[in-house]
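What follows is calculated from the coordinates using simple rules that are stated; it is not laboratory data. Predicted, not measured: the structure shown is a model, and the values here were computed from it. All Cβ positions, glycine included, derive from the backbone under ideal geometry; neighbour counts span all protein chains shown.
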Amino acid sequence: MKVTTADIVISAVRPNQYPDTQFPEIALAGRSNVGKSSFINKMLNRKALARTSSKPGKTQTLNFFLINEQLFYVDVPGYGYAKVSKKEREAWGKMIETYITTREQLRAVILLVDLRHSPTEDDVMMYDFLKHYQIPVIIVATKADKIPKGKWDKHAKVVREKLQIEEGDELILFSSETGMGKEKAWSVIDRMCK
Ligand code: GDP
């Protein structure tokens, strides 16, 4: 997809704050620091549209980005911060669960993991949670440029096996530095938003 416009439209916590539109939505989830903001910015050809916004203490919201007046990226606050309080964690969980289980416009979730490491227990939990609700998942393994090409397959296999990726769910190796995986990611997103 050729991105001509991309703007943040709304930050929402509750369903009555979600945009009142029928555009398809693709949500993005991943642990903090995985490269989610970099992924969004690369996909949308922007330098700083998405920021690392999920630091503890900051308001945890779902951020809706409208792209080409035809689809939304929904940025989900990152997980896995050790310092987050139990109360904050619960509020986060409730917000995600409500969105995932009620939002008819949701077509797929992009789950970002770091290609360099085996997925964390939080990553596994998130994938299982999404599969429990039968949400199509696109796994994007970030920071591929930090691994030599000859080791990509081996690392991809670790991700596949640790998450036990179901048939039909794509795994895309990605780099926001080189743009690797960008076209593939767009073609999968386009297919799911048809
Ligand atoms: P977020 O917390 O998931 O939004 O993560 P960020 O997008 O802020 O990225 C966290 C750090 O990883 C930053 O220092 C980025 O520059 C770096 N980073 C993200 N993606 C890549 C990538 O594909 N390659 C490399 N080399 N660094 C990356």
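Data for the structure
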quantity: Within straight-line cross-link reach of residue 2, aspartates and glutamates at Cα separation under 13 Å, skipping those fewer than 8 residues along the same chain; calculated: 69, 183, 190
quantity: FRET efficiency, 1/(1 + (r/R0)^6) with R0 45 Å, evaluated for residue 183 and residue 85 via beta carbons; calculated: 0.65
quantity: Cα Rg, Dmax, the range 39-144, angstrom units; calculated: 14.1, 38
quantity: Segment residue 103-residue 154, extension gain: residue separation times 0.36 nm, minus the distance between their alpha carbons; calculated: 14.8 nm
quantity: Above-threshold pairs, the threshold being 23 Å between Cα atoms, out of 143/184; 149/182; 131/151; 151/184; calculated: 131/151
quantity: Backbone N under 19 Å from the residue 116 label point (7 Å along Cα→Cβ), restricted to the range 141-166; calculated: 141-160
quantity: The range 74-91 versus the range 115-129: alpha-carbon centroid distance in Å; calculated: 15
quantity: Check: the range 59-194 dipole with +1 on Lys, Arg Cβ and -1 on Asp, Glu Cβ, in debye; calculated: 320
quantity: For the chain, Kirkwood radius (reciprocal of mean inverse C-alpha pair distance, Å); calculated: 16.8
quantity: Cβ charges +1 (Lys, Arg) and -1 (Asp, Glu), total dipole of the range 96-146, debye; calculated: 220
quantity: Virtual spin-label span in nm between residue 194 and residue 132, 7 Å along Cα→Cβ; calculated: 3.2
